[in-house]
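Heads up: the structure comes next, in structure tokens.
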Amino acid sequence: MDTSRLQQETATRWVLPPADRMRSPAILYASPELIRAMDAKVLEQLANIATLPGIVTAAFAMPDAHWGYGFPIGGVAAFDAEAGGVVSAGGVGFDISCGVRTMLTGLMTEEVRARQQELADALFHAVPAGVGRTGAIRLTRAETDRMLAEGARWAVRRGYGLPRDLDRIEHHGEMPAAMPEHISEQARKRQQDEMGTLGSGNHYLEVQEVVEVYDPAAAEAFGLRAGEVAVSIHCGSRGLGHQVATEYARLMLQAAHAHGIPITDPELACAPIHSREGEAYLGAMRAAANCALANRQIISQLVRDTFSRVFGKMDLPLLYDVSHNICTEEEHMVGDRLKRLFVHRKGATRALGPGHASLPPEFRATGQPVLIGGTMGTASYVLAGIHTETSECVDDNAVLSFRSACHGAGRRMSRSQAAKQWQGRDVVRRLELRNILIRSAAARSVAEEAPGAYKDVSEVVEVTEQSHLARKVARLAPLICIKG
């Protein structure tokens with residue numbers, strides 16, 4: 001990336017001042033090395049976001065940022081509806097409410113290694129993964145409506161998981177104000193056989209060892225102990241979410257013209273929040289988010305059942321579930337005023353600090369668990385939100401990025417480039433030499449997600465902590481990875 005237009009304010013904070021039609025600056029959090037390696041489209045996309053009506057403070061990019069559709073992956077922007085603010089399908093992404101949930105097993109690493117092959121095969125058999133894979137659940141229209149309205153609550157009522165799980169999911173497992181009536185027949189059709197499936201791309205189910213603890217107090221509150229095993233699930237709203245994004249991206253292009261919003265990039269099409277199109281998208285997006293929450297809840301129960309078959313009856317309590325492709329209505333201090341804003345996070349994780357009322361009581365002293373998925377064969381991290389909600393605090397995360405942090409490593413090359421550089425079977429063999437077992441439906445999918453196709457997640461996390469966006473709690477290393 002050409003840094004000549006950027007002003008470096010700190011070791012990890014870079015500012016693009018407003019120019020031309022920009023209504024706000026753009027702010028990037030990155031080390032000099034990450035900035036130099038970042039594709040130039042990130043800066044271009046941030047500048048385009050900063051031209052949108054009603055933007056508040058700045059357009060932000062997290063340390064894992066890379067080019068995406070409309071918004072960069074790792075992009076954050078908040079809009080004030082009362083100031084003509086907009087909502088953009090490109091600011092949420094195609095995999096609506098894609099996110100990560102982590103469960104605790106209480107098992108020691110040596111117990112899992114003793115049955116590693118058996119467990120890997122059992123999980124791959126139990127959890128459908130890959131393009132076009134379907135699950136065992138068949139939804140009627142009435143059941144689809146209930147799922148879209150109730151999210152993980154619907155899944156729990158169907159016997160997938162326990163009511164206590166809901167306390168460890170943002171929005172208590174149910175995205176409010178969902179409008180299933182704005183979900184098309186095509187979107188419903190795409191999802192009717194896909195509940196309880198991982199999908200493809202960078203989605204995964206991973207069995208992980210807690211290898212290092214950085215913050216003992218927070219780790220204890222989270223239930224993370226060195227040498228024990230956890231399970232993380234990374235997936236989203238599958239075909240339904242993709243269809244919603246596709247349909248509303250087209251609708252928003254028409255809406256932007258109809259409402260007189262100049263669009264610098266068709267992929268950044270948007271609609272006023274207080275408009276028929278904007279409200280319809282928000283209702284549909286929230287329903288798609290509920291689909292993702294229900295999907296991860298179902299997969300969690302499939303994982304619990306599998307562990308129970310292999311190791312005997314097990315509980316696998318939920319640590320947390322958080323989305324990183326979403327737009328949510330939130331309260332934030334802007335200057336000396338408390339405002340309700342619509343915060344877009346695309347490839348960025350909400351990171352609530354200590355004391356926030358939305359957190360379960362057991363996390364209010366530590367801050368929210370922030371789940372950072374690594375790449376296949378590399379580390380993942382659990383972070384925690386930082387600082388209380390005091391506007392006087394200069395480095396309060398609410399001021400820095402609307403309480404947002406990175407979501408993963410971030411790609412450094414495209415999937416097609418990765419597939420040309422690596423062979424899936426070779427990647428699997430190399431990881432097996434490190435005692436990491438991969439189970440995947442397609443060799444090409446493994447090649448596309450090869451560790452070398454991504455940035456160094458450890459560097460991304462270090463910059464996230466140095467930027468005061470979140471703090472490190474624990475590092476997890478993979479034992480088993482189930483992929484599409």
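If I ask for residues that are hydrophobic (A, V, I, L, M, F, W, C), more than 27 Å from ALA65 (Cβ to Cβ) and in contact (Cβ under 8 Å) with a residue 24 or more places away in the chain, which ones from the range 439-473 would you list?
Answer for the range 439-473, where residues must be hydrophobic (A, V, I, L, M, F, W, C), more than 27 Å from ALA65 (Cβ to Cβ) and in contact (Cβ under 8 Å) with a residue 24 or more places away in the chain: ALA441, ALA442.
In the range 303-318, which residues are open to solvent by 20 Å² or more (accessible area, probe 1.4 Å) and touching a Phe, Trp or Tyr at 6+ places or on another chain (Cβ under 7 Å)?
MET314
Does the range 199-217 include one or more residues that are at pLDDT 95 or above, open to solvent by less than 70 Å² (accessible area, probe 1.4 Å), in contact with a helix residue (DSSP H, G or I) (Cβ under 7 Å, 6 or more places away or on another chain) and more than 24 Å from ASN435 (Cβ to Cβ)?
No - not one qualifying residue is present in the range 199-217.
Looking at the range 429-443, which of the residues that are touching a helix residue (DSSP H, G or I) at 6+ places or on another chain (Cβ under 6 Å) and open to solvent by 30 Å² or more (accessible area, probe 1.4 Å) is nearest to GLU206 (Cα to Cα)?
Among those residues, the one meeting the criterion is ARG439.
Determine the pairs where a residue that is closer than 13 Å to SER323 by Cα and part of a helix (DSSP H, G or I), located within the range 233-244, has a partner that is open to solvent by less than 10 Å² (accessible area, probe 1.4 Å) and at pLDDT below 95 with Cβ atoms under 7 Å apart, the partner being 6 or more residues away or on another chain.
So the pair list comes out empty.
Right, ARG146: within 21 Å of SER237 (Cβ to Cβ), at pLDDT 95 or above and open to solvent by 60 Å² or more (accessible area, probe 1.4 Å) or not?
yes
Working carefully through the options ALA50, ALA40, ALA26, find the one that is surrounded by 20 or more Cβ atoms within 10 Å (Cβ to Cβ), more than 19 Å from the chain's Cα centre (by Cα) and under 25 Å from VAL457 (Cβ atoms).
From the options ALA50, ALA40, ALA26, the qualifying one is ALA26.
For VAL156, state whether it is surrounded by 17 or more Cβ atoms within 10 Å (Cβ to Cβ), of a type outside the set (Lys, Arg), closer than 27 Å to VAL370 by Cβ and out of contact with any strand residue (DSSP E or B) (no Cβ under 7 Å at 6 or more places or on another chain).
So VAL156 fits the description; yes.
Can you pull out the residues in the range 319-347 that are open to solvent by 10 Å² or more (accessible area, probe 1.4 Å), farther than 22 Å from PRO180 by Cα and not charged (D, E, K, R)?
If the condition is that a residue be open to solvent by 10 Å² or more (accessible area, probe 1.4 Å), farther than 22 Å from PRO180 by Cα and not charged (D, E, K, R), then MET333, VAL334, GLY335, LEU338 are the ones that fit.
Identify all residues within the range 474-484 that are within 18 Å of GLU220 (Cα to Cα) and surrounded by fewer than 24 Cβ atoms within 10 Å (Cβ to Cβ); write none if there are none.
ARG475, the sole residue that qualifies.
Among the residues of the range 53-72, what is the count of those that are open to solvent by 10 Å² or more (accessible area, probe 1.4 Å) and within 15 Å of the chain's Cα centre (by Cα)?
1
Collect the residues in the range 118-131 that are exposed (fewer than 15 other Cβ atoms within 10 Å of the Cβ) and within 22 Å of the chain's Cα centre (by Cα), keeping them in residue-number order.
VAL131
The values are calculated or read from the model by the stated rules, or taken from the named source; none is laboratory data. As the structure is a computational prediction, the values presented were derived from the model and not from experiment. With ideal geometry, Cβ positions are generated from the backbone for all residues, glycine too; neighbour counts draw on all protein chains shown. Please note that ligands, DNA and RNA were not included when accessible areas were found on the heavy atoms of the full protein model with its side chains. Shrake-Rupley method; radii C 1.70, N 1.55, O 1.52, S 1.80 Å.
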